[in-house]
Amino acid sequence: MNGLSKGMRKVEVALRWDPSPAGQPAADLDLVAGTYPADDPYGTPAYVVHFDSRSPDGTIYLNRDSKDGKGFGFDEVMTLELERLAARYARVVVGVAIQQRAEERTFGDVANPGLRIREGYTDLASEDFAGVLGATAATVAEFVRDETGAWEFHAGVRGFEGDPATFTRVMGAVRRS
């Protein structure tokens, strides 16, 4: 990044999936974002944004929330206004969690899941979750503030096995390979 770059400013994360076949329970995938303070960027999130919530300062919010994948195009859309995020935050991790109701569901059980991350009209990443078919949740993006205050994007999908509540607590933790 050169001295003239302001880094990432306003990013959209969009999630899609096809409705479940007739007679099957609906699949419900949720976008979640954890915001981490500069003094503990891999600890407990300062707050988590998910369905029915938004960040306290309004910088991270869901534009669209689906419970069944019956939308046109992308079913869930989250906007992150990184340029407005307070300097006390150094990291934002975005993930996708599958609601676990009657039986455990993994990405392999969801019809045609897909993800797109973009800034303006520029696609930064797209994903079909093929690498984490056995997972019940996955982190899909990390935004980190550099020493100049600019936001950098780090792509990568990492699977998680467990319930959505546990996922939101540990999604930003340091990963051991």
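The values are calculated or read from the model by the stated rules, or taken from the named source; none is laboratory data. All values reported here derive from a predicted model rather than from experimental measurement. Positions of Cβ are generated from backbone atoms using ideal geometry, with glycine treated the same way; all protein chains shown enter the neighbour counts. Ligands, DNA and RNA are stripped out before the accessible areas are found, and what is left, the full protein with its side chains, is counted by its heavy atoms. Shrake-Rupley method; radii C 1.70, N 1.55, O 1.52, S 1.80 Å.
Only one of the listed residues (ARG116, ARG158) is over 26 Å from PRO19 (Cβ atoms) and either of a type in the set (D, E, K, R) or touching an Asp or Glu at 6+ places or on another chain (Cβ under 9 Å) (or both). That residue is ARG158. If you go through the range 146-177 and keep only what is open to solvent by 40 Å² or more (accessible area, probe 1.4 Å) and touching a Pro at 6+ places or on another chain (Cβ under 9 Å), you end up with just ARG169. Consider ARG101 carefully, then state whether it is buried (at least 18 other Cβ atoms within 10 Å of the Cβ), in contact with a Pro (Cβ under 9 Å, 6 or more places away or on another chain) and among the basic types (Lys, Arg). Criteria not met by ARG101.
Against the test of being more than 14 Å from GLY172 (Cα to Cα), of a type in the set (A, V, I, L, M) and open to solvent by 60 Å² or more (accessible area, probe 1.4 Å), the options ALA135, ALA87, ALA125, ALA26 yield a single qualifying residue, ALA87. Where strands (runs of 3 or more DSSP E) fall entirely within the range 110-173, those with at least 1 residues that are free of Cβ contacts under 8 Å to residues at least 12 places away in the same chain and either more than 17 Å from TYR42 (Cα to Cα) or within 12 Å of the chain's Cα centre (by Cα) (or both) are at 122-127.
The single condition among (1) closer than 20 Å to GLY149 by Cβ; (2) in contact with an Asp or Glu (Cβ under 9 Å, 6 or more places away or on another chain) that PRO19 does not satisfy is (1). Of all residues in the range 12-20, at least one satisfies being at pLDDT 90 or above, closer than 24 Å to ARG88 by Cα and open to solvent by 40 Å² or more (accessible area, probe 1.4 Å).
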